[in-house]
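The values are calculated or read from the model by the stated rules, or taken from the named source; none is laboratory data. These figures come from a predicted structure and were not determined experimentally. All Cβ positions, glycine included, derive from the backbone under ideal geometry; neighbour counts span all protein chains shown. What goes into the accessible areas is simple: the full protein's heavy atoms, side chains included, and nothing from ligands, DNA or RNA. Shrake-Rupley method; radii C 1.70, N 1.55, O 1.52, S 1.80 Å.
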Amino acid sequence: MTVTVKRVTIGLVLRKANLRERKKAATMRHTQLVAVRLFAERGFDAVSIEQVAAAADVSPSTIYRYFGTKEGLVLHDEHDDGIFAMVPKLLHEQDLLSAFLVGLDQIGTAHLRDPETVRLRTALWFSTPSVRAAGYLLADDIVDALVDDVLASPRNDLSRSQARTVIGALIGGLFASMRSWIEDGGTDDIRARMSTDLGAIAQALHLNRS
């Protein structure tokens with residue numbers, strides 16, 4: 001009887017946790033959509049957190065809690081936690097570049113459900129100085145977050161310094177590919193673009209070794 005009660009209790013806790021996560025994701029998605037449309041229409045600097053909150057029918061504190069900063073409304077989204085959660089598994093099964101490309105494909109599948117928002121976010125990212133600056137700080141944070149996962153992979157033969165450098169090259173290449181995509185009109189398949197561009201990094205490094 002005690003075991004049954006515990007199982008029921010755990011099940012309820014998990015369902016409540018899943019419901020909270022779904023509500024959080026829905027709130028983030030809605031708030032970001034409202035924000036990027038306002039930024040695109042009026043200009044990033046002309047729109048305040050308070051105006052976004054009012055238009056999205058959420059509190060400013062919710063925006064700060066979920067996105068951290070005004071720039072975070074462009075840079076972050078509801079998929080971030082899931083993306084980082086799958087990294088160790090990918091690195092356990094594949095080499096670093098392959099894992100990176102598979103991760104990008106998964107990200108693209110989620111994001112491309114709303115391609116217009118992706119286009120608006122990317123355009124804002126590279127046209128707004130404060131967002132662009134925050135994006136490069138984000139890149140540094142992503143590199144730091146991934147280094148330990150790479151070092152823990154059974155496939156890894158890199159030192160910490162080498163892992164940081166290689167991940168930095170991939171993240172930097174990703175950002176450069178995104179910038180090229182939006183400057184070229186943002187109409188072609190961004191996943192195919194990034195895959196091809198990042199593959200060029202591996203090819204160039206291979207050619208330099210030969």
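Of note:
- Residues located in the range 132-157, provided they are touching a residue at least 60 places away in the same chain (Cβ under 8 Å) and either on the phi > 0 side of the Ramachandran plot or part of a loop (DSSP other than H, G, I, E, B) (or both): SER153, PRO154, ARG155, ASN156
- Residue satisfying all of: in the range 59-80; open to solvent by 20 Å² or more (accessible area, probe 1.4 Å), within 20 Å of VAL118 (Cβ to Cβ) and assigned to a helix (DSSP H, G or I); modelled with the highest pLDDT among these: TYR66
- Set PHE84, PHE100, PHE126: member being surrounded by 14 or more Cβ atoms within 10 Å (Cβ to Cβ), in contact with an Asp or Glu (Cβ under 9 Å, 6 or more places away or on another chain) and at pLDDT below 90: PHE84
- Hits in the range 140-150 (condition: loosely packed, with under 15 Cβ neighbours inside 10 Å and touching a helix residue (DSSP H, G or I) at 6+ places or on another chain (Cβ under 7 Å)): ALA145
- Filter result for ARG121 (buried (at least 17 other Cβ atoms within 10 Å of the Cβ), closer than 23 Å to MET28 by Cα and of a type in the set (D, E, K, R)): yes
- With respect to the stated conditions, ARG193 fails to be out of contact with any helix residue (DSSP H, G or I) (no Cβ under 6 Å at 6 or more places or on another chain), basic (Lys, Arg) and closer than 17 Å to LEU97 by Cα.
- In the range 176-187, the condition of being touching a Phe, Trp or Tyr at 6+ places or on another chain (Cβ under 7 Å), modelled with pLDDT under 90 and in a helix (DSSP H, G or I) is met by no residue.
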